[in-house]
Amino acid sequence: NLMDTLQSPAELKFASDDEGIVEGYGAVFNVTDQGGDIVEAGAFKKSIRRYKPKMLWQHDPSQPIGVWEDVKEDSKGLRLKGRLASTTQGREAFELLKMGDIDGLTIGNQAKGNQRNKRRERVLKEVDLWEISLVTFPMAPTATVDGLKAVSPALLKERAALSNALARAIKNLKR
């Protein structure tokens, strides 16, 4: 299989200081997912030093929905922080996350170094991480989105007023 996936459900917490920020774990180390894969600590290190994975919608390469701004391994797993795009697809993903209808993360990868343990589970020792998608049906119950930040209504009104004032000023300059 050219690209493997590891899937995780999302758990959301809301804040009101910035819109479309998604945080969580794309993978948790040493936990068997429903597909029988276990990711070892250090499996992503080489890959994430080379490049950041893409943020996709349901693994569809024609639907990027944002960017992963911070991707790193910590003691628990693959820690993520990203920003959803202000596109139709990004806004739709944001709304579905807020509603709880979308609650999963999936890692699209190519396993470069793996072996089978005594229980016949695939132990991933090195992973070439290509993309991390928001998905409907996750496989690994331990890797989660643990943060989604939204703009407060008051801040939205303030930004709209500023935008309108700038538009008027630009229009007056053109006269």
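The values are calculated or read from the model by the stated rules, or taken from the named source; none is laboratory data. This one's a predicted model, so the numbers in the text were calculated from it and none came from an experiment. When we count neighbours, we look across all protein chains shown, and the Cβ atoms used for this are built from the backbone with ideal geometry, even at glycine. Surface areas here come from the heavy atoms of the whole protein model, side chains and all, with no ligands, DNA or RNA. Shrake-Rupley method; radii C 1.70, N 1.55, O 1.52, S 1.80 Å.
A few comments on the model shown:
- All strands (runs of 3 or more DSSP E) inside the stretch 63-175 with 1 or more residues being modelled with pLDDT under 65: 145-149
- Unique match (being more than 25 Å from Asp101 (Cα to Cα), open to solvent by less than 10 Å² (accessible area, probe 1.4 Å) and of a type in the set (Ser, Thr, Tyr)) among Ser75, Ser47: Ser47
- Number of positions in the stretch 20-44 that are among the small types (Gly, Ala, Ser) and crowded, with 22+ Cβ neighbours inside 10 Å: 4
- When every residue of the stretch 51-59 is checked against the conditions, at least one turns out to be out of contact with any Ser or Thr (no Cβ under 7 Å at 6 or more places or on another chain), without any contact (Cβ under 8 Å) to a residue 40 or more places away in the chain and open to solvent by 10 Å² or more (accessible area, probe 1.4 Å).
- Near pairs, Cβ below 9 angstrom, 6+ apart or cross-chain, from the stretch 92-110 (farther than 13 Å from Gln58 by Cα and open to solvent by less than 60 Å² (accessible area, probe 1.4 Å)) to any residue that is of a type in the set (S, T, N, Q) and assigned to a helix (DSSP H, G or I): Asn109/Ser47
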